[in-house]
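Reviewing the structure listed below.
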Amino acid sequence: MRTYDRNRNAISTGSRVMISGTGQTGVITAIHADGLSAESVRREKTVEVEGCEGQYAPVDLIRLGFH
């Protein structure tokens, strides 16, 4: 699954990202998008980041380069 971060950069499983609110960094391990529209995936907490608890909305993430 591919979605877009807060700056409209494409992100997917394996992308290295920073959580904008905390500054924590990690790699996306999963994007839970079953049955959701592209807009819903981007705005709802659907992304798991390695080393960070909980799920995050893609609009709360910033991509840190390509993978």
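The values are calculated or read from the model by the stated rules, or taken from the named source; none is laboratory data. Here the structure is a predicted model, which means the values were calculated and not measured. Ideal geometry is used to build each Cβ from the backbone, glycine not excepted, and the neighbour counts take in all protein chains shown. Ligands, DNA and RNA are excluded from the accessible area calculation, which covers all protein heavy atoms including side chains. Shrake-Rupley method; radii C 1.70, N 1.55, O 1.52, S 1.80 Å.
Considering (1) open to solvent by less than 60 Å² (accessible area, probe 1.4 Å); (2) in contact (Cβ under 8 Å) with a residue 40 or more places away in the chain; (3) out of contact with any helix residue (DSSP H, G or I) (no Cβ under 7 Å at 6 or more places or on another chain), the lone condition that Asn7 does not fulfil carries the number (1). Would you please list the contacts, defined by Cβ atoms under 9 Å and residues six or more apart or on different chains, that run from a residue in the stretch 25-38 that is open to solvent by 80 Å² or more (accessible area, probe 1.4 Å) to a residue that is among the small types (Gly, Ala, Ser)? Close Cβ pairs satisfying both conditions: none exist.
What are the residues in the stretch 3-28 that are over 16 Å from Gly65 (Cβ atoms) and within 9 Å of the chain's Cα centre (by Cα), if any? The one that is over 16 Å from Gly65 (Cβ atoms) and within 9 Å of the chain's Cα centre (by Cα): Thr3.
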